[in-house]
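See below for the structure under consideration.
The values are calculated or read from the model by the stated rules, or taken from the named source; none is laboratory data. Just so we're clear, the structure is a prediction, and the values are computed from it rather than from any experiment. We place every Cβ from the backbone using ideal geometry, glycine too, and count neighbours over all the protein chains shown. These area figures cover heavy atoms from the full protein model, side chains too; ligands, DNA and RNA do not enter into them. Shrake-Rupley method; radii C 1.70, N 1.55, O 1.52, S 1.80 Å.
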Amino acid sequence: MKFKNYVIVVVLLMIVSCKHEIESPSWTVDVVVPIAKTELKLTDLLKDSEVDLDTNSNDELLLVYRLNPIDTNLNDLFADGNLGFTKTEIIPILEFEIPDININFEASLALIIKGTPLETILVQDTTVDLSITYNIPSKDFNMDAIPNFNELEIESGLIEIKITNNLPTAIDGLSMILKNQDPNSLFLNDDIISIPNSGTIQLNMGDSTSLVDNLSNVFFTNLLQLAVGSFSFLPNPVPTTIDTASGIKFDIFIYDIVVSRIQGVIESPIPLDSTRGETYINIQGLDITKAKIDSGSININLNTLLDMPLQLNFYSPNLVPDDTISITVTGGSGTSSIDLSGKEITFDGKNNDTINTFYYELFGFIPPTTIHYDASVNDEVEYEITVYIKPKYVIANVDEVIIEIAKDTFEFDFFKDLEVGSNFSVESAKITLGIENSIGVGCSYDLNVSSENSVDGNSAFTGINNTIASASFNQFTEIVTPTYAEVEFDNIENIINIKPDLITIDGEVTLNSGIDNFIVYDKGISIAPNIEVPLSFIASNLVLSDTADIELLTEISNATLTLIIDNGYPLNTQVQVVFLDENYIELETKVHSIPSGKISGDGRIYEPTRSLMTISIAEENIENIKYVNYIASFETSSQTVYNKIYSDYTIAVQIIAKYKSTIGE
Amino acid sequence: MKRHILIFGCIFLLNSTVYAQGNSTAITDAIPEQTNNFKGDKKERKFRFTIESGSIIENTSLDYRLFTTGNIDEYKQTISDGLLEQNILSIRSKTGVSFSKKAFANKIGFSLGFYDRTEVDFGFSKDLFNLVFFGNEMFMGKQINLNNTYLSATKFQQINIALSRIIQLSNANQYIPSQIEVGLGYSYLIGNSHVDFSTKDSYIEIGNDGEYINTNLNFIANIADTNELNLFGSQGSGYALDLLLNLKKEENNIHFSIADLGNINWNKNAVNYSSQKEISFSGLEIDNLLTINDSLIQVQLDSLADINYVKKGSEFRTYLPTTYHLAYKRDLNINRYFLQNFDYIVVGRIGKHRKGLIPANFKPQYYVGTHFSYKGLHLRTSYSVGGYSKSAWQMELGQNILWQHFQLVLGTYHFGSIFKGINSSNADFYFSLNFFFGKKV
C-alpha cells in the first residue's frame, strides 16, 4: 500500500511540474521577392531621337535615319497658263440675203380715169367704143405694206415687173417710177427704180409685158408707191363692156436680194464672218502632242452694238471629242464658257500634222427672230477667247529637261544626348535611296550629300548618282504604275564619323529624251533617303546621362533592393546613380560596373554577363528622394575590332527586394 | 450486402468467448495503437463498464518550444536540423464509454462501445518547415520540395460492437496451438467534419539571385460541412471492421489484429477543390523601373495568391488509418522474489496503412514490454521505436480500488516527455475508469 501511494504521489507531482507559461510563437523570416523587370534596348536610349532601328540579313542592328522625302514634278511647267492662251478679234457682219419679195397690185380703171372726161364715158357695165385717143394725166398709186420689214438697204438684187393691160383699150406712153411712199418725208430720195428705165410702154388691150432690171444700193421701205406718168388711151372701135375694177395689173417680183441692212423680222439666219486661229504651246523641253484635261475652260467674252441674240459656234479639230460647241450670246456684252473638263486636246494643229499647236474656228450668225431688230453690215462683234487648261496628264516628246532639287537640310540628332569621346568610329555607313518614278520617262540624278558638325566645324561630303527607269501608264484606265527602286551607296562612313548634327542634300534630276512620254500632273519623282549605320563601332567614354522622376517604395525601410543586370551587349558600362531631392540636391550616390557580355570567337555575344548592384538607402532619405540622375559611360569590349550589335541583344534588369518579416507579432 | 453478412456471421459465432479484461478493453483499445492487448490468465469479473479518454501528439522532430516560448528564432535551427526529409505531426484523441462481457467457457464475449474520436495527420517536408520559419532566401538557386505535403483532420463518433470467442484445441501436436481466440468487430462511424489537403509533384523554385519564383502547385482538398460547423453534426457516415486472432500454446502467445479497417462517406455539403497550376513570377514587367511603387508590388503579390482552383460540390470518401498488430508474448513464471510479479514480456510490431491519397506515413513500430502486478497495482511499461515518433517509453499505472470493483488507469506513451518538458517532441495522456461486476470467470 505504501509503495502504491508513493508511486501515485510521484506521478501527480510530475504532472503538476509540467506547468509552463505558454506564449504565442513568433519568428523572423528572410524573404526575397522579385519586384519588377524590364528589358533595355537601344530603342530606349534612342526614344527621343529621329533614329529608327532595323536589322540586316545578318541580324545586325542598323541605325536608320529617315530623312524627309525629296519630291519633284513637272507641274511648274504647266502652271500659270502655259497650256492656255488668250486671243482677241473682231468679227464683222457680212451682207446677207433675204427672201424674195412679191408685190401684186392692180391700178383699177376707176382710179385711172378718175377726174378725167373718161370718168363719164366709161361707166361700169356699159358697152362703149372709144373713137379717139384720150390722155390720162400722171397719178400715184400706193401699194399695201410689205410684211416682215420696215426698211431695207439692198446691196443688190433683181426686180421683175410684169404689166398686164386689163383696160378696155390699148395704152401708149406708159412709164412709172417705183418709189417709197415716205408719208412723213423722212428720206431724201424716195425713188427706187424707173420702169422702163428708158422710153415708154405700149400695150394692147389684154396684153402684158415683163421688164427685169438690177437693183443696186437702193433703199426700200415696206410702203411702196407707183408714180405713173401721163399716158394715152388709144381708140377702140369695138364696143367693149366696161369693168371699172379691172385696170392695169402690176406683178412685181424682187429676188436675189442681198441686204446690207434690215430693219425688221429676221426670217433667215444672218451669218457673221468666221474666224480661225492657231495658238502655240511653248514649254521648254517638251513638245506636247496630247493633253487630257483635268479641269479647264474656253471663255468667250463678246462685245457688240447689236442688241439681238447672236450664236457663235466653236470648233476645233484638236478637241476630243471634236463636237462643235455652240454658244448663244445676247447682244451687248456677255461671256460664255465651254467646260473642257474630261476632254482631250491634241496639239497637232488643223490637219493633225504638227506639234504644240492648237487650231480652232469660231463662226457665228444672227438667228431668225420674230422680233424686229436692226442689223447692218456696219455692225461688228468683238470677241476675246481665253483658254485655261489644267492637265490630268500630257503626252509629249521630251527633250532633255533638268529639274533642280533645292537644298534640304535635316537635323541629325543621334549624337545630341550622347557624349561621344574622341575615340568613336563606325565601321561602315550607307545611304539608301528609295526612288519612286511616276514620270513616263527615264531619268538620271546627281545628289550631293554633306554633313556638318556645327560644334567643331567639321564637315564631310559625298556625291551619289544613278539612273531611274521610266514609269508605265495605262491611257484607258489612266493609272500610273510607278517604278520603284532602292539604291544603296556604301562607304559614306566619313559622313557619320565627324559626329554631325546637320545633313544636307541637293542636286538635280535630268529627264532623258524620248518620244510620246507621259507626264501626269502632280506626279513626279520621289526620293526618300535613309542613312543606315550598322551598329558596328569602336568607342570609349561614350556617355549617356539623364535625370528622371522616381517614386521609391515606402516600405523598403528595412529592405535591401538589388538590381540584377544581365548585360547582353558588348559594352562595358560604368553607371553612377545619384538620388536627388526635390531641389536636385544629392542625397545618395551609388556606383556600379557592368561588364560586357561574353563574346564568342565569331564576335557574337553568346551569354549575358550578370552583375548585381545593391541599393541600400538610408531610411531618413527614402521619402525625400524625388529624382534620380544616372550617368552611364560605355566602352566597347574591344578597342581594335569593331563591335557589332545584333538585334537579339538586350540588357535585362530586375529589381529584387530582400527583407525580414516577423510572423506572429 | 457484405456488411450484413459480416454482422450475422459475428452473431452466430459459436462456442467460447474471450473477455479481454484487465488493463484494457477487448480489441478496440483506449488509444488504438496501445501496444499491449495482452492480459494475464487470472480470473476476472464477467462484466466491465469503462469510461476512457486519451489524447496524443506525436511527431518525429518538432519541438514544443515552437509553439510555447514566444520568439523562436533561437530554436528553429535546432529543430530544423533534427527534421527528416519527410515529417509527420499526428494528433489523436479518443473519449468514450464501453460495456463488455468476457468470453469464457465456450461462450461468446461481446463489447459495445461509443467513442468520440479525432484524428489529425499533418505531413510536411523539411523544406516546407524551413520555408515557413526561415523564409525563401535560403532557397536561392534551389528547389523547395512540397511533395507529399498533406493534412487530414477528421472528427467522428464510433459505435462499436464486437464479438469474440475462445476455441480450445487438442494439445497432442506440439505445433498446433492449444487455444485460439478469434474476434470480430463492427463499427458504425458518424462523420462530423473533415478536411484534407494533399499535394503531388509540387515545388517552389527560386532563382540563383532571387530573380524568379517558379511554383508548380498540384493539390486536391476536400472539406465536409463548410456551411454549418457543428461538432456533433452528421455530414457523413461509414463503417470500420476489426479482426482479432490470438494463438496460445502453453506460455507462448501470438497475437494478430487489424483495427479500423474502414471509411467514411462524406455526402452532405461536401466540397472538393483541386488545382494544377504553374506560376512563374519574375517581377512586374514595366517600361520604367523608376516608377515602381507599393501598390504595384501589392498587385503582384496578390496575383501570386491567385491559385485559380476548381471547386465542385461532390461526395468524397476518406479512409481510417488501419492498424496491423503482430506480437509475441511469453508468460513468465518466475518464482524469485519481486520478479514473480512480472507477468509476461511481449515483443511486437505495429504498422498502419491508409488507403487513398493521404498516406498514413507511420513508420513500423517495434516494441518490447512487460507487465508488473502486485496486489491491486498494475504497472505496464514498454519501449518502442518507430511510429509517429522516434521512440516512446510507455508507462501505465492501474490501481484496483473498492474491492477490485473499480480500477483507475493512468498512462502515457511518452513517459520521457515529462522530464523534457517543452523540449519534448511528443505529449500524451490517457486514463480509463473501469467498473467490474459479475462473478469471476
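Can we say A:N313 is surrounded by fewer than 21 Cβ atoms within 10 Å (Cβ to Cβ), assigned to a strand (DSSP E or B) and without any contact (Cβ under 8 Å) to a residue 60 or more places away in the chain? Considered against the rule, which asks whether it is surrounded by fewer than 21 Cβ atoms within 10 Å (Cβ to Cβ), assigned to a strand (DSSP E or B) and without any contact (Cβ under 8 Å) to a residue 60 or more places away in the chain, A:N313 comes out as yes. Taken together, A:I288, A:I270 contain a single residue that is surrounded by 16 or more Cβ atoms within 10 Å (Cβ to Cβ) and under 22 Å from the mean Cα position of the chain (by Cα), which is A:I288. Of the strands (runs of 3 or more DSSP E) lying entirely inside region A:78-185, those containing at least 3 residues that are more than 22 Å from A:N197 (Cα to Cα) are A:85-92, A:96-98, A:127-130, A:149-165. Residues in region B:393-423 that are among the aromatic types (F, W, Y) and either modelled with pLDDT of 80 or more or open to solvent by less than 60 Å² (accessible area, probe 1.4 Å) (or both): B:W393, B:F406, B:Y413, B:F415.
Determine which single condition A:V441 fails, assuming it passes every other condition in (1) buried (at least 19 other Cβ atoms within 10 Å of the Cβ); (2) among the β-branched types (V, I, T); (3) assigned to a strand (DSSP E or B); (4) in contact with a Ser or Thr (Cβ under 7 Å, 6 or more places away or on another chain). In the conditions (1) buried (at least 19 other Cβ atoms within 10 Å of the Cβ); (2) among the β-branched types (V, I, T); (3) assigned to a strand (DSSP E or B); (4) in contact with a Ser or Thr (Cβ under 7 Å, 6 or more places away or on another chain), A:V441 misses (3) alone. Could you grab me the full set of residues in region B:359-398 that are assigned to a strand (DSSP E or B) and among the small types (G, A, S)? Across region B:359-398, the qualifying residues are B:G369, B:S373, B:S382, B:S384, B:G386, B:G387, B:S391, B:A392, B:G398. Checking each residue in region B:192-215 for being outside any loop (DSSP other than H, G, I, E, B) and either basic (K, R) or out of contact with any Ser or Thr (no Cβ under 6 Å at 6 or more places or on another chain) (or both) picks out B:N192, B:S193, B:V195, B:F197, B:S198, B:Y203, B:E205, B:I206, B:I213, B:T215.
Restricting B:G82, B:G70 to those that are free of Cβ contacts under 8 Å to residues at least 24 places away in the same chain, within 14 Å of chain A (Cβ to nearest Cβ) and either touching a Gly at 6+ places or on another chain (Cβ under 8 Å) or over 24 Å from A:K658 (Cα atoms) (or both) reduces the list to B:G70. Criterion applied to B:E250, B:E228 was being modelled with pLDDT under 90 and either of a type in the set (F, W, Y) or over 30 Å from B:G113 (Cα atoms) (or both), and the one residue passing it is B:E250. Taken together, the criteria place A:I605 among residues that are more than 9 Å from chain B (Cβ to nearest Cβ), over 16 Å from A:V577 (Cβ atoms) and at pLDDT 80 or above. Restricted to region A:500-522, and to residues there that are at pLDDT 85 or above and among the charged types (D, E, K, R), the residue that is surrounded by the fewest Cβ atoms within 10 Å (Cβ to Cβ) is A:D516.
Among the residues of region A:543-562, those identified as open to solvent by less than 30 Å² (accessible area, probe 1.4 Å) and modelled with pLDDT of 75 or more are A:L561, A:T562. Could you tell me whether region B:358-366 includes any residue that is at pLDDT 90 or above and closer than 24 Å to B:F435 by Cα? No, the conditions are met nowhere in region B:358-366.
Taking first residues from region A:438-449 that are over 9 Å from A:T510 (Cα atoms) and partners that are open to solvent by 10 Å² or more (accessible area, probe 1.4 Å) and charged (D, E, K, R), the Cβ contacts under 8 Å between residues at least 6 apart in sequence or on separate chains come to A:S438/A:K523; A:I439/A:K523; A:L447/A:D506; A:N448/A:D506.
Residue-by-condition table, conditions (1) loosely packed, with under 15 Cβ neighbours inside 10 Å; (2) among the β-branched types (V, I, T); (3) out of contact with any helix residue (DSSP H, G or I) (no Cβ under 6 Å at 6 or more places or on another chain); (4) away from every other protein chain (no Cβ under 14 Å):
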residue	(1), (2), (3), (4)
A:L580	no, no, yes, no
A:E586	yes, no, yes, yes
A:I615	no, yes, yes, no
A:E619	yes, no, yes, yes
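Scanning region A:284-310 for residues that are over 28 Å from A:N397 (Cβ atoms) and either in a loop (DSSP other than H, G, I, E, B) or of a type in the set (S, T, Y) (or both) turns up A:T304, A:L305, A:L306, A:D307, A:M308, A:P309. For region B:126-164: of the residues being part of a strand (DSSP E or B) and farther than 30 Å from B:L112 by Cβ, which is farthest from the other protein chains (Cβ to nearest Cβ)? Within region B:126-164, the match that is farthest from the other protein chains (Cβ to nearest Cβ) is B:Y150.
Strands (runs of 3 or more DSSP E) fully within region A:227-281 that include at least 1 residues being in contact (Cβ under 8 Å) with a residue 60 or more places away in the chain and small (G, A, S): A:231-233, A:247-265, A:275-280.
Taking the criterion of being within 12 Å of chain A (Cβ to nearest Cβ) and either farther than 30 Å from A:T560 by Cβ or of a type in the set (D, E, K, R) (or both), the residues of region B:188-212 that qualify are B:D209, B:E211.
Residues are listed down the side, and each one gets a yes or a no for (1) open to solvent by 30 Å² or more (accessible area, probe 1.4 Å); (2) among the acidic types (D, E); (3) closer than 22 Å to A:P69 by Cα:
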residue: A:N458; (1), (2), (3): yes, no, no
residue: A:S470; (1), (2), (3): yes, no, yes
residue: A:D490; (1), (2), (3): yes, yes, yes
residue: A:I495; (1), (2), (3): no, no, yes
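The rows are residues; the columns are (1) within 14 Å of another protein chain (Cβ to nearest Cβ); (2) part of a strand (DSSP E or B).
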residue: A:T467; (1), (2): no, yes
residue: A:Y484; (1), (2): no, yes
residue: A:I495; (1), (2): no, no
residue: A:I503; (1), (2): no, yes
residue: A:V509; (1), (2): no, yes
residue: A:I525; (1), (2): no, yes
residue: A:N530; (1), (2): no, yes
residue: A:F537; (1), (2): no, yes
residue: A:D546; (1), (2): yes, yes
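Might you check whether a residue that is surrounded by 17 or more Cβ atoms within 10 Å (Cβ to Cβ) and within 14 Å of another protein chain (Cβ to nearest Cβ) occurs anywhere in region A:633-649? Checked region A:633-649: no residue is surrounded by 17 or more Cβ atoms within 10 Å (Cβ to Cβ) and within 14 Å of another protein chain (Cβ to nearest Cβ).
Residues that are part of a loop (DSSP other than H, G, I, E, B) and of a type in the set (K, R) within region A:350-404 comprise just one, A:K350.
Selection within region A:600-613: residues that are among the hydrophobic types (A, V, I, L, M, F, W, C) and open to solvent by less than 70 Å² (accessible area, probe 1.4 Å). The member of this set that is farthest from A:K644 (Cα to Cα) is A:M613. Please determine whether any residue of region A:466-487 is of a type in the set (A, V, I, L, M), farther than 24 Å from A:G285 by Cβ and in contact with a strand residue (DSSP E or B) (Cβ under 6 Å, 6 or more places away or on another chain). Yes, region A:466-487 has at least one match. Report yes if A:D76 is open to solvent by 50 Å² or more (accessible area, probe 1.4 Å), at pLDDT 80 or above and more than 30 Å from B:N130 (Cα to Cα), otherwise no. Answer is no for this residue.
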